[in-house]
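J.: One structure, pasted below without further comment.
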Amino acid sequence: MEYRRPSPRMWLARQTVLGLSSLILLAVLGVAGALLAGGGGAVIGIAVVLAFAITSWFVERGRYRSWGYLERDEDLVVRRGLLFHRLTVVPFGRMQFVDVTAGPVDRLFDLATVQLHTAAAATDARIPGLRSADAAGLRDRLAQLGEARASGL
């Protein structure tokens, strides 16, 4: 079996937010540097923002590529993590409820996040970056499987 991945739209949304925030920082630090230290200050401010943007781009790309989930017969496996890899296995019978959430940027790109809740407070089975229709379908499948497995307990 192969892990399913978030939608490429998630990466597009992350790039958009990163690009807009970098442009704002570029303008603020460029103007502030120019006002405080002249032309050299503006160059330093711009260099700092560009270094920040490039580093953030690589980190976000790695985080996006690390997400994956796998629906197995008895459980759901979620993997994530760039520096510290995390693998979460949630048995269907242990799920209490499934949330689907979407913030303003997610809605703009037709994305949603599926969050699984169990009785264990430490469980963090979250799958971001799914298309809204795919997230709703996954939520329905997981709820149905969770009900079927929980009734057997």
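The values are calculated or read from the model by the stated rules, or taken from the named source; none is laboratory data. A quick note: this is a predicted structure, and the numbers were derived from the prediction, not measured. Glycine gets a Cβ as well: all are built from the backbone with ideal geometry, and neighbour counts include every protein chain shown.
J.: In the list Val105, Val43, Val48, which residue meets the criterion of being in contact (Cβ under 8 Å) with a residue 12 or more places away in the chain, closer than 28 Å to Leu29 by Cα and more than 21 Å from the chain's Cα centre (by Cα)?
T.: Numbers: Val105 fails: more than 21 Å from the chain's Cα centre (by Cα); Val43 fails: in contact (Cβ under 8 Å) with a residue 12 or more places away in the chain.
Testing whether each residue is in contact (Cβ under 8 Å) with a residue 12 or more places away in the chain, closer than 28 Å to Leu29 by Cα and more than 21 Å from the chain's Cα centre (by Cα) leaves just Val48.
J.: Same structure, new question: Does the stretch 90-136 hold any residues that are among the charged types (D, E, K, R) and either over 23 Å from Ser21 (Cα atoms) or in contact with a strand residue (DSSP E or B) (Cβ under 7 Å, 6 or more places away or on another chain) (or both), and which are they?
T.: Step one: of the stretch 90-136, the residues among the charged types (D, E, K, R) are 94, 99, 106-107, 110, 124, 126, 131, 134.
Hits for the stretch 90-136 are Arg94, Asp99, Asp106, Asp110, Asp124, Arg126, Arg131, Asp134.
J.: Only one residue in Arg9, Arg14, Arg61, Arg65 is farther than 21 Å from Ser132 by Cα and of a type in the set (Lys, Arg), so which one is that?
T.: Arg61
J.: If you don't mind, there's one more thing I want to ask. Considering only the stretch 19-111, give the strands (runs of 3 or more DSSP E) lying wholly within it that have at least 1 residues that are over 20 Å from Arg141 (Cβ atoms). Don't jump to the end; show me each part of the working.
T.: Values: elements: 68-71, 75-80, 86-91, 95-101.
Result: 75-80, 86-91.
J.: Taking the criterion of being modelled with pLDDT of 90 or more, closer than 26 Å to Ser132 by Cβ, surrounded by 15 or more Cβ atoms within 10 Å (Cβ to Cβ) and out of contact with any Pro (no Cβ under 8 Å at 6 or more places or on another chain), would at least one residue in the stretch 19-32 satisfy it?
T.: No, the stretch 19-32 contains no residue that is modelled with pLDDT of 90 or more, closer than 26 Å to Ser132 by Cβ, surrounded by 15 or more Cβ atoms within 10 Å (Cβ to Cβ) and out of contact with any Pro (no Cβ under 8 Å at 6 or more places or on another chain).
J.: Which condition breaks for Gln144 when tested against (1) modelled with pLDDT of 90 or more; (2) outside any loop (DSSP other than H, G, I, E, B)?
T.: (1)
J.: When you look at Arg9, is it of a type in the set (Lys, Arg), more than 30 Å from Ala120 (Cα to Cα) and touching a Lys or Arg at 6+ places or on another chain (Cβ under 8 Å), yes or no?
T.: On the way: of a type in the set (Lys, Arg): yes; more than 30 Å from Ala120 (Cα to Cα): yes; touching a Lys or Arg at 6+ places or on another chain (Cβ under 8 Å): yes.
The answer is yes for Arg9.
J.: Examine the stretch 117-129 for a residue that is more than 19 Å from Ser7 (Cβ to Cβ) and assigned to a strand (DSSP E or B), and state whether such a residue exists.
T.: Applying the first criterion (more than 19 Å from Ser7 (Cβ to Cβ)) to the stretch 117-129 yields 117-124.
Subset that is assigned to a strand (DSSP E or B): 117-118.
Checked against the condition, which is being more than 19 Å from Ser7 (Cβ to Cβ) and assigned to a strand (DSSP E or B), the stretch 117-129 yields at least one hit.
J.: Considering every residue within the stretch 60-70, establish whether at least one is at pLDDT below 90 and exposed (fewer than 14 other Cβ atoms within 10 Å of the Cβ). If you could, list the steps in order and put the result at the bottom.
T.: To start, the set of residues in the stretch 60-70 that are at pLDDT below 90 comprises none.
Scanning the stretch 60-70 turns up no residue that is at pLDDT below 90 and exposed (fewer than 14 other Cβ atoms within 10 Å of the Cβ).
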